[in-house]
Each structure stands twice: as C-alpha cells, then as structure tokens.
Amino acid sequence: MTFTCLTYLGYDDLEGPFPLYEKYLNTVRVYKLIDYTAQYWSQHAAISGIDREVAQAIFETFESEERRMTIEKYKNYFDAPCNKTALHFIAEGGLLHLFLQDGTIAEM
C-alpha cells in the first residue's frame, strides 16, 4: 500500500506550481484518493516498514520542492503553506526512527 500511495503522489499532474483552487477541485475529482494518500502515506509506510526500496521511493517522491508543496496542500485541503524538506515529511509521518534504525538516511 505504501508504494501505491507514493505512486499516486508521484503523478506528473502533481508536479509544478500549485494550482488555483479550481484546478485543485478538478484534481480531487480526477484523482479520487489524492487527499487520502497525501494524508496517510506515512502510516502505511510505518505499518509495512522501511526497507531500502521504500526509502528510495519516499525520497524520490518528495525530492521536488514543488511536489512537496502540492502534496502538503492536498494533505491540508488547500489551506496550508509549505516550506518543508523531504526529511520534514518523514519526521512528521513518524518514520524518522525507522530510517535511523537501518542507517538509510545517512547512506542517501
């Protein structure tokens, strides 16, 4: 389920400057699980655990600043400003200890 969420969050339509509210609404209609995946991807990762492949997928998904801003908007239903790094998303999702256990962050 973690890869499904990260794949969803990695769609090209979510790259680029954050859309106007109308595009936000259209994206929510097209990608019906976008709000869910933005909100709960980290819980799925915490349940399934973090291996090297999952860690790489997380960093790739959150590599782009514009994508991080867009994901944060969907997570907070368009209302939140965002100036977060990939590490912020990992820590906010309660996953930092999983990355530190196997040294994944240090190696990436």
Q.
Report D for the stretch 1-63 in µm² per second (integer): Stokes-Einstein, Kirkwood Rh on Cα pairs, 10 °C, 1.306 mPa s.
A. 129
Q. How many nm is it between the label spots at THR7 and ARG52, if each spot is 7 Å from the Cα in line with the beta carbon?
A. 2.3
Q: Could you work out how far apart the two model spin labels at TYR21 and LEU100 are, taking each label as a point 7 Å from the Cα in the direction of the beta carbon, and quote it in nm?
A: 4.1
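Laboratory data are not the source of any read-out in this text; all were calculated from the coordinates shown. Since this is a predicted model, take the numbers as computed values, not measurements. Cβ: placed from backbone, ideal geometry, glycine included. Neighbour counts: every protein chain shown.
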